[in-house]
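Undergrad: After the structure tokens below, expect a handful of questions from me.
The values are calculated or read from the model by the stated rules, or taken from the named source; none is laboratory data. Bear in mind that the values here come from a model prediction, so they are computed numbers and not experimental data. Glycine also receives a Cβ, built like all others from the backbone with ideal geometry; neighbour counts cover every protein chain displayed.
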Amino acid sequence: MADAANGRPTIKVLVENDSNLGPVFAIDPERIAAAKARHSDVAAHISVAYSKDCDRFADEIADADVLIGWVFPHAELPRRAPRLRWVHLTGAGVEHLAPFDWVPQGVVVTNNRGVHAPKTREFGALAALMIANRMPQIAHQQRNQEWVPVYSGTVEDLTAGIVGVGQMGGAVASACKDLGMRVLGIRRGAAPHDSVDRMWGMDGLDALLGESDVVFLCTPLTPQTRGLIGARQLARMKRGAGLVNIARGAVVDTEALRAALTSGQLSGAVLDVFDPEPLPEDSPLWDTPNLIITPHCSSDDAEAYVPRTLDLVFENLRRLLAGKDLLAVVDPRLGY
Amino acid sequence: MKQSLLRVHVENDSAIGPLFAVTADMLAAAEERHPSVKGRWTPTFGSDCAGFEQNIAEADALFGWRFPKERIAAIAPKLSWIQLTGAGVDHLLPLYWLPPHIDLANAKGAHKPKIGEALLMAILMLNNYIPALVHHQRRHEWHQLFATGIAGKTLLVVGLGEAGGAAARMAKRFGMTVIATARRKTADPTADAVYPPARLRDLLPQADIVLVTVPLTHETRGLIGAREISLMKQGAGLINLARHGIVDDAALVAALEAQRLSGCVYDLESPDDRPVDPRMWTCRNLILLPHSLSNDPARFMANVLDIFFRNLENRLEGRPLENLVNSGLGY
């Protein structure tokens, strides 16, 4: 760290932008300036350098204290970033960097958990309502130019099951609770949550699947959750229930899901995530009955995503300056 | 002196489907919630107008949806109350056939809470570009559309009645501003501001989402045409819950194809009853609903029966009926 004129340390922050992610996710000087204005106490103590698609990465990482980014040559960090103390990842599901054996000694890794929550809450309500109202089936009928009334129950009479009650799952739980639904949940350690009527640990998956009318997948992708929902789990679900995946595509066995949607075991599904992404043009999922596809855009607010990301980053910079523990720390062993 | 039993003829219409038929068992179950009428009335049953003339000749009340309205005055000398099993009465308009001594009541309010949920879904679908995403899905196109949160956006309810009010309440819970037009009120707890129908063109440019839920009358036919759509914000969304003839379908399709509007959720009544513009099935960013989302059949019929029994109590006690249709306004 360099000594500033006032004798207090200046933290060098390197922002690494990936142009493939598009403008919604760009952390540009304008958005940094706006964040500095919101956090003027921190602004005086940082200097910010920018790299795009790694064009300046090798030069700027050499004396950076903090790295903010999503895709970068992470394996090179121990060698190239001697001053690095903290890496902030600008998304929530960070499995693309697993295993985390590349993290240099003494470096803390944080992610964007919580940043999606307000938008996820809205999408959670929307998805619950679409499943309850049989919207996937109605959209499929329209494709076939069929007009058939589809009567359905009232959402407040239904039960939501949230697999993975973290920040996103908690936001979905809160949305479902506000709609008057009964809410079941699963999370590691089965710690209670204000919006969840009954919480289990991972051993409660079968019970949750058997009682839920709408199942939301909100887990991180880890070796334990890869393929978590296969033919057996789909068969455990209530006949006519619906599935919403805002976790990662690889959490669900796609072929088993297609079979369950085609047979009527599930009344509908809303998928926001796929394996791989983008979903190939020739994927059979596009034409699978009773399925609505949102191309991984459910939870990222077009205007607020980067400002909320930077509010989290600046709060952590404030903590770093004060020598306090950071928020949203990724546990390298768990991978989230 | 013992009062004679009030005779109610229950007329079912098999075209609406068995979920909406009123049976003796359903009446008996609902009567348990209204014990004061027990032993004071008696029903007869008919369907699809078979034997209607005999049944209605002795009836004091008619409980149903479709019936030979032009003949009512001639064949129903004792009739003084018609209780409808639905809310929209346009199939009975104009009401010139209705003798002045017969009260006509509808089932306004029976769609709650289902209608509020369904309209909240439509509002959130539009805010999250679901009509566009479904259109892209039909074409196998991966095209991310990132939305901003709904809070702070403006909903315009064209025709603030039961359905519009239910939608407005939901929209307020999600932080929206709600403005509305209404014919019979100047303020409402569900809306931030209520204006007379003549102000529609001033209000259309203010809304992110426009919900059309006016009844079909001679005043509302053609209410939303090319001119009105052109006054909406670029990229706004439209929900059409109204009967055919209120929104100009050709103008709507043109606005969607030109991406003047970002999406539309359109409740389509039976295409058997009227021709559908074939372009609507495949129109860009248009989602068609098969006229069923207002109804949770179980709850809907329980609500309809409660309205019937409350009015039966009102009749037996000599009180005014609820849900009376204003024969001048036609709703």
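Undergrad: With the requirement that a residue be in contact with an Asp or Glu (Cβ under 9 Å, 6 or more places away or on another chain) and free of Cβ contacts under 8 Å to residues at least 40 places away in the same chain, what does the stretch A:30-55 give you?
TA: A:A49, A:Y50, A:S51, A:K52, A:D53, A:C54
Undergrad: Has the stretch A:52-71 got at least one residue that is touching a His at 6+ places or on another chain (Cβ under 9 Å) and at the interface with chain B (Cβ under 10 Å from one of its Cβ atoms)?
TA: Within the stretch A:52-71 (the criterion being touching a His at 6+ places or on another chain (Cβ under 9 Å) and at the interface with chain B (Cβ under 10 Å from one of its Cβ atoms)), the answer is no, since none of the residues qualifies.
Undergrad: Within the group B:L104, B:L62, B:L119, B:L79, which residue is crowded, with 18+ Cβ neighbours inside 10 Å and under 30 Å from B:K172 (Cα atoms)?
TA: When all the criteria are applied, what remains is B:L119.
Undergrad: Only one residue in A:L327, A:L321 is more than 14 Å from chain B (Cβ to nearest Cβ), within 30 Å of A:I11 (Cα to Cα) and in contact with a Pro (Cβ under 8 Å, 6 or more places away or on another chain), so which one is that?
TA: A:L321
Undergrad: Next question, about the same structure. Which ones in the stretch A:282-314 are facing chain B (nearest Cβ under 7 Å) and part of a helix (DSSP H, G or I)?
TA: Hit for the stretch A:282-314 is A:W286, nothing else.
Undergrad: Has the stretch B:84-94 got at least one residue that is at pLDDT 95 or above and buried (at least 19 other Cβ atoms within 10 Å of the Cβ)?
TA: There is at least one residue in the stretch B:84-94 that is at pLDDT 95 or above and buried (at least 19 other Cβ atoms within 10 Å of the Cβ).
Table: residues versus (1) over 29 Å from B:L19 (Cβ atoms); (2) not aromatic (F, W, Y).
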| residue | (1), (2) |
| --- | --- |
| A:E95 | yes, yes |
| A:W102 | yes, no |
| A:T110 | yes, yes |
| A:G114 | yes, yes |
| A:E122 | yes, yes |
| A:Q137 | no, yes |
| A:R143 | no, yes |
| A:V150 | no, yes |
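Undergrad: Just to be sure I understand, how many residues within the stretch B:131-141 are buried (at least 18 other Cβ atoms within 10 Å of the Cβ) and at the interface with chain A (Cβ under 7 Å from one of its Cβ atoms)?
TA: Number satisfying all stated conditions: 3.
Undergrad: Now a separate question. Going by the structure shown, is A:L243 within 12 Å of chain B (Cβ to nearest Cβ) and either of a type in the set (A, V, I, L, M) or more than 19 Å from the chain's Cα centre (by Cα) (or both)?
TA: Considered against the rule, which asks whether it is within 12 Å of chain B (Cβ to nearest Cβ) and either of a type in the set (A, V, I, L, M) or more than 19 Å from the chain's Cα centre (by Cα) (or both), A:L243 comes out as no.
Undergrad: Also, I was wondering about something else. Condition test on A:R182, is it more than 25 Å from A:A328 (Cα to Cα), crowded, with 17+ Cβ neighbours inside 10 Å, out of contact with any helix residue (DSSP H, G or I) (no Cβ under 8 Å at 6 or more places or on another chain) and away from chain B (no Cβ under 14 Å)?
TA: Yes.
Undergrad: Sticking with this one: So, of the residues in the stretch A:89-131 that are away from chain B (no Cβ under 14 Å) and assigned to a helix (DSSP H, G or I), which turns out to be surrounded by the most Cβ atoms within 10 Å (Cβ to Cβ)?
TA: Ranking the qualifying residues of the stretch A:89-131, first place goes to A:L97.
Undergrad: Report whether or not B:G330 is in a loop (DSSP other than H, G, I, E, B) and within 26 Å of B:P94 (Cα to Cα).
TA: yes
Undergrad: Can you tell me which residue in the stretch B:256-304 is nearest to the other protein chains (Cβ to nearest Cβ), limited to those that are of a type in the set (G, A, S) and more than 18 Å from B:I229 (Cβ to Cβ)?
TA: My answer is B:S292.
Undergrad: Okay, moving on. Counting only residues that are touching a Leu at 6+ places or on another chain (Cβ under 9 Å) and among the hydroxyl-bearing types (S, T, Y), which one in the stretch B:155-186 is nearest to B:P197 (Cα to Cα)?
TA: Applying the filter and picking the extreme gives B:T181.
Undergrad: Show me the strands (runs of 3 or more DSSP E) entirely contained within the stretch B:1-69 in which 2 or more residues are among the β-branched types (V, I, T).
TA: In the stretch B:1-69, the matching strands (runs of 3 or more DSSP E) lie at B:6-12, B:41-47.
Undergrad: Which of the residues spanning the stretch A:279-296 are touching a residue at least 24 places away in the same chain (Cβ under 8 Å) and either of a type in the set (K, R) or buried (at least 19 other Cβ atoms within 10 Å of the Cβ) (or both)?
TA: A:L285, A:T288, A:N290, A:L291, A:I292, A:T294, A:H296
Undergrad: Right, next: Any residue in the stretch A:136-145 that is charged (D, E, K, R), in a helix (DSSP H, G or I) and crowded, with 22+ Cβ neighbours inside 10 Å?
TA: No, every residue in the stretch A:136-145 fails to be charged (D, E, K, R), in a helix (DSSP H, G or I) and crowded, with 22+ Cβ neighbours inside 10 Å.
Undergrad: List the residue pairs whose Cβ atoms are under 9 Å apart, where the first residue sits in the stretch B:299-318 and is over 20 Å from B:T42 (Cβ atoms), the second is among the acidic types (D, E), and the two are 6 or more positions apart or on different chains.
TA: Pairs that qualify, where the first residue is over 20 Å from B:T42 (Cβ atoms) and the partner is among the acidic types (D, E), are B:R299/A:D157.
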